[in-house]
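Participant: Sharing a structure with you now.
The values are calculated or read from the model by the stated rules, or taken from the named source; none is laboratory data. Everything numeric here is computed off the predicted structure, so don't read it as measured data. FYI the Cβ positions are ideal-geometry reconstructions off the backbone, even for glycines, and counts take in every protein chain you see. These accessible areas exclude ligands, DNA and RNA; they are computed on the full protein's heavy atoms, side chains included. Shrake-Rupley method; radii C 1.70, N 1.55, O 1.52, S 1.80 Å.
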Amino acid sequence: MASTKITVAATINAPVEKVWEYWTEPEHIKKWNSASDDWHTPSAENDLRVGGKFSSRMEARDGSMGFDFGGVYDEVVINTQIGYTMGDGRQVQVLFASGEDGTTVTETFDAETLHSVEMQQAGWQSILDNFKRYTEEH
């Protein structure tokens, strides 16, 4: 059975080189990787190469819950695209496209079955919007 694909996107007012750096460098990931202000990412590791692994620890600021988000890279094309497989086997494709308005980041991922498609799309879009804000402000 083919899984449902979900796509989120945002255009960041910054050159692709900066967008790529902020997306992939752990010191930046820790600053933008949350869907809301009551969550944060206290640690992040990233071995950005095909076969390399990445991991981010996402936690509620009040310490009530947390989880590790990670996977293995299947494809890395600098300033263009990243493909990876999450720990649960779902696939994600991230595209970086330069344009007149800045750099558009488009993420397409396999939906999971625990939460609604709308909830997953809203969560991923919220993180992407947080990335946009952080990148444009720094």
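Participant: Restricting attention to region 7-30, and to residues there that are surrounded by 18 or more Cβ atoms within 10 Å (Cβ to Cβ) and over 19 Å from Val76 (Cα atoms), which single residue is farthest from the chain's Cα centre (by Cα)?
Facilitator: Top of the filtered list is Ile12.
Participant: Quick check on region 62-92: of everything there that is closer than 23 Å to Ser36 by Cα and within 11 Å of the chain's Cα centre (by Cα), which residue is least open to solvent (accessible area, probe 1.4 Å)?
Facilitator: Val92
Participant: Anything in region 23-58 that is among the small types (Gly, Ala, Ser), under 22 Å from Asp129 (Cβ atoms) and outside any loop (DSSP other than H, G, I, E, B)? List them, or say none. Let's see the steps before the verdict.
Facilitator: Step one: filter region 23-58 for residues among the small types (Gly, Ala, Ser), giving 34-36, 43-44, 51-52, 55-56.
The next check asks that each one be under 22 Å from Asp129 (Cβ atoms); those that pass are 34-36, 44, 56.
If the condition is that a residue be among the small types (Gly, Ala, Ser), under 22 Å from Asp129 (Cβ atoms) and outside any loop (DSSP other than H, G, I, E, B), then Ala44, Ser56 are the ones that fit.
Participant: Let me ask another. Asn33 - would you say it is touching a residue at least 40 places away in the same chain (Cβ under 8 Å) and surrounded by 15 or more Cβ atoms within 10 Å (Cβ to Cβ)? Give the derivation first.
Facilitator: Values: touching a residue at least 40 places away in the same chain (Cβ under 8 Å): yes; surrounded by 15 or more Cβ atoms within 10 Å (Cβ to Cβ): yes.
So Asn33 fits the description; yes.
Participant: For region 110-132, does any single residue satisfy the condition of being assigned to a strand (DSSP E or B), open to solvent by 20 Å² or more (accessible area, probe 1.4 Å) and under 19 Å from Glu21 (Cα atoms)? If you could, list the steps in order and put the result at the bottom.
Facilitator: First, the residues of region 110-132 that are assigned to a strand (DSSP E or B): 110.
Within this subset, residues satisfying the condition of being open to solvent by 20 Å² or more (accessible area, probe 1.4 Å) are none.
No, the conditions are met nowhere in region 110-132.
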